[in-house]
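Comments concern the structure below.
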Protein chains: 2
Amino acid sequence: MAKLPTMFSLRHLLVLSVALNVSLILRMMYESEEGNSGCCLKRKGNSEGNVIHQSRLAISSSTSSLMNSTRADHPGGRDRMIKLDHGDPTMYEIFWREMGDKTTIIIPGWQFLSYFSDVSNICWFLEAEFAKEVVRLHKVVGNAVTEGRHIVVGTGSSQLILAALYALSSPEATEPISVVSAIPYYSCYPSMANYQKSGLYKWAGDAESFDKDGPYIELVTSPNNPDGYTRVAMVNRSQGLLIHDLAYYWPQYTPISSPSDHDLSLFTVSKSTGHAGMRIGWALVKDKEVAKKMTKFIELNTIGVSKDSQLRAAKVLKAVSDSCEQENSQDGESFFKFSYMLMTQRWKQLRAAVEAGGLFTLPQFSPSFCTFFGQEMEPQPAFAWLKCEGDIEDCESFLREHKILTRGGGHFGASLKYVRISMLDTDETFLQLIDRLSAIQRQE
Amino acid sequence: MAKLPTMFSLRHLLVLSVALNVSLILRMMYESEEGNSGCCLKRKGNSEGNVIHQSRLAISSSTSSLMNSTRADHPGGRDRMIKLDHGDPTMYEIFWREMGDKTTIIIPGWQFLSYFSDVSNICWFLEAEFAKEVVRLHKVVGNAVTEGRHIVVGTGSSQLILAALYALSSPEATEPISVVSAIPYYSCYPSMANYQKSGLYKWAGDAESFDKDGPYIELVTSPNNPDGYTRVAMVNRSQGLLIHDLAYYWPQYTPISSPSDHDLSLFTVSKSTGHAGMRIGWALVKDKEVAKKMTKFIELNTIGVSKDSQLRAAKVLKAVSDSCEQENSQDGESFFKFSYMLMTQRWKQLRAAVEAGGLFTLPQFSPSFCTFFGQEMEPQPAFAWLKCEGDIEDCESFLREHKILTRGGGHFGASLKYVRISMLDTDETFLQLIDRLSAIQRQE
């Protein structure tokens, strides 16, 4: 090897070496920051750390810290219409930000080109990793029996509702099978059942007043959207086919009483983890032929379900299960503890605002034992089913005048005195809701 | 600052510093490797480099290198059923592997929680980045006018076909609108139009023999699936509504004559870039009300389209456009040049195998000028529309006996003497097809 020139003393080498160290350390710090920035993807907001910090504070204190934040913090907020007519689950963003890279998905461009995931599976477009995490999560939470079930993945649970209607109806029937659900039912059921003018199935309204002979399909939503109550089938006849929509049967919304054990149950990441943008839902199906027909529906409808979102959903479900299993051994809290506490906080604030005046009322729930948390808890639904009391006949219009956009009772087959309000929006929007409901009651 | 103890000489410090440098460099190398490993995702195969190398050789030589690879390379291959009944576009994997990290997508767990992408857009679930790259790619390729068009994204173009049927039909009509397409038509059209027993639209068969009065919807597939010919509308009446399915109007399959300029055109990444697993398609729609109704359909069907896949598709389309624009300035080849050469190679091999005997024939195409490549070229479709000559009346059954699974002419409204064979499978499967067709002709 060539000898170093004499002008390089040990002192020179040390300075050089230290400089190299500094540059390497700086580069690592820079790259680490870059790695967290999500690459080419746009970022929402700029004050990540603050949001998390404020939210954690909000959860750990009682109601005060969120209440101290007022509209004055949000210039122009007074005139803004706050949109709570959809159940857009953006409030969970705080938790997923704090999880950092644990749920970051990386997919190289050459992967998942094929239509097929596993041709030996009835649901040939189901990714094995996603199916594995679905089974694991139900076991961790204890909210559904998965043994002896076929898993069918869907582009959200909406597609699975349609797939189930298709699978449970018969093309040979002389008339479309009746589809019913008890009032107040999920507002989209009627249009989902009718928009294709299908000869296979047809919306037939309220399950409680349904008295037509012959076969029917009953949609049982439990906890119910919009009112949050636990439900069982209303029509009690031998020819009934049941679809259990269990989108909200998760510990942050309702006590888990026992693993659900139905012929056909539907779940979705939109409401369980808050990843509505993924459009991923799943069905647990007992009957093999029904699972085959649902798969056929999805084949004809969309030739399968996004592999990218299935893989991302698998990673998110895994993180949720991990967070539950590791809660006691580490200092992090589980996803369900976080979301349960946030929902508790919000419901406390909402009830306080509503009870401060006489204009509105909310459903009352009895507490019951939750096997997941191992304690008694009250339901704290994803939607508030608010009733306008007194002379206000059209609650939706009344609240719209006060810049609160909600979904009126008519959409759910119920009285216009009711509205459904999303409880899953951002902290900012939720605070504005509380402020406005309080202000309305002070004014009137 | 505290003074260093005298036992630490400059020499000691230098050794310490060099050791720190080495550890930092090693750590950076390790982390860099980790970042490229694709995280939790499973990898297909182990000899990435070889596959690419072989494929490039295969393309750059004429037919010899692929032909020299025989079934002997694949033990057990002789008895395997080769499945070419679907158009699974796995042959493009080679190109995307070579692109490396350029099309790797990274999505943090907290992003894209919301249902909404842009509430000010008619298609409120359309990601702006994806829309931008769609417009850019059409401009780069010159295969579609995008000015004055609304983009509607769908879960594959299958969902968009259904959305278009819904949008172009009327719920007030006394009977379902007729849906037609010229024989041989895409085999899924009849079941897609009929599986819901919709009162809005109904399959009415061959467009050429369609003679019913009143409104109708014609599906114009160009180049056509299964036979690869360029098509225009067959029914020429004033009350016709047209859906142009342009899934294969890309330079690797057919000469680009001019930018398509229709009321409603459909495209998909499945066939353009080979990313069938993403389930992403798009519609270019002239009429605002039609775009609104298509969006409404997708809202009721799946409440939007996977954001993850839209973002990944945007990255892939960007890479394709970049590869076209940078072709002359860099040593890489464009995606379309790669795929064009691969298709040319495959069609040459297929025609050679078919022409070596008298059992089969293939469609013949006239060359025409391709504005993208700036030269004359022949169509080289994604499917081979093979005809069994002589006494073989059921070509699908005949080929199945020889372990080649194809889709028979009956599915396309055509004679059983025809089959559709995918030209988009892996090199290995394609080589087995060539081998078997050659062997059949030698035997008979």
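The values are calculated or read from the model by the stated rules, or taken from the named source; none is laboratory data. Just so it is clear, the model here is predicted, and its values are computed rather than measured. Because the Cβ atoms are built from the backbone with ideal geometry, glycine has one as well, and the counts that use them run over all protein chains shown. For accessibility, only protein heavy atoms count, side chains too; no ligands or nucleic acids. Shrake-Rupley method; radii C 1.70, N 1.55, O 1.52, S 1.80 Å.
Within 15 Å, Cβ to Cβ, of B:G214, how many net charges do the neighbouring residues add up to if Lys/Arg are +1 and Asp/Glu are -1?
-2
Computing the accessible area with a 1.4 Å probe over protein heavy atoms, can you report the carbon and sulfur percentage for the range A:75-125?
52 percent
Relative contact order for the range A:202-312 using alpha-carbon pairs under 8 Å, separation at least 6, rounded to a whole percent?
With pairs under 8 Å counted, the relative contact order is 17 percent.
Starting from a label point 7 Å past Cα on the Cβ side, list the distances from B:S120 to the same position in the other copies, nm, shortest first.
Nearest first, the other copies' label points are 5.3 nm away.
State whether the range B:208-313 is rounded, prolate or oblate according to the following rule on the C-alpha gyration tensor (a ≥ b ≥ c being the square roots of its eigenvalues): a/c under 1.5 gives rounded; otherwise a/b larger than b/c gives prolate, and the remaining case gives oblate.
Verdict is oblate for the range B:208-313.
Can you pull out the GluC sites (Glu not before Pro) in the range B:123-172 whose DSSP state is coil and whose Cβ has at most 13 other Cβ atoms within 10 Å?
B:E147, B:E172
At 1.4 Å probe size, with every protein chain present, just tell me what the per residue accessible area of the range A:352-444 comes to in Å².
41 Å²
Of A:R237, A:R149, which has the most accessible area with a 1.4 Å probe, and how do the rest follow in descending order?
Ranked list, largest accessible area first: A:R237, A:R149.
Determine how large the accessible area of B:R136 is when every protein chain is in place; take a 1.4 Å probe and give Å² rounded to the nearest 10.
Roughly 60 Å² of B:R136 is accessible to a 1.4 Å probe.
Shortest first and in nm with one decimal, please list how far the B:K288 label point sits from its counterparts in the other copies (point 7 Å along Cα→Cβ).
5.4
To the nearest 20 Debye, how big is the dipole of the range B:132-290 about its Cα centre, given +1 on the beta carbon of each Lys and Arg and -1 on that of each Asp and Glu?
560 debye
Over 26 Å between C-alpha atoms is what I'm after, so list which of B:K83/B:K271; A:K296/B:K337; A:K202/B:K296; B:K83/B:K307 land there.
A:K296/B:K337; B:K83/B:K307
To the nearest 10 square angstrom, how much accessible area does B:K83 have with a 1.4 angstrom probe?
120 Å²
Would you work out if the range B:289-362 is rounded, prolate or oblate? Take a ≥ b ≥ c from the square roots of the eigenvalues of the alpha-carbon gyration tensor; rounded if a/c is under 1.5, else prolate when a/b is larger than b/c, oblate otherwise.
oblate
How much accessible area per residue does the range B:252-313 have, counting only protein heavy atoms and a probe of 1.4 Å, in square angstrom?
Heavy-atom SASA per residue in the range B:252-313 reads 22 Å².
In peptide B:194-204, what is the residue-averaged number of other protein chain Cβ atoms found within 10 Å of each Cβ?
Shielding by partners across B:194-204 averages 5.
What percent do you get for the relative contact order of the range B:346-429 when only Cα pairs under 8 Å and 6+ apart count?
Once divided by the residue count of the range B:346-429, the mean separation gives 25 percent.
So what are the ³J(HN,Hα) numbers for the range A:383-390, from phi and the Karplus equation (6.51, -1.76, 1.60; θ = phi - 60°), rounded to whole Hz, Gly and Pro as x?
Each residue of the range A:383-390 in turn: 10, 9, 9, 8, 10, 7, 8, x Hz.
For chains B and A, what's the summed buried accessible area, probe 1.4 Å, to the nearest 100 square angstrom?
7800 Å²
What FRET efficiency comes out for B:R351 versus B:D206 if R0 is 25 angstrom and r is the Cβ-Cβ distance? Round to the nearest 0.05.
0.30
Could you go through the range B:301-318 in sequence order and give the Karplus-derived ³J(HN,Hα) for each residue, using 6.51 cos²θ - 1.76 cosθ + 1.60 with θ = phi - 60°, rounded to whole Hz, and x for Gly and Pro?
Whole-Hz 3J(HN,Hα) from phi for the range B:301-318: 7, 9, 6, x, 10, 2, 5, 4, 6, 4, 5, 5, 4, 4, 5, 5, 4, 4.
What does the charge count around B:D425 come to, taking other residues whose C-beta lies under 9 Å from its C-beta (Lys +1, Arg +1, Asp -1, Glu -1)?
Counting the neighbours of B:D425, the net charge comes to -2.
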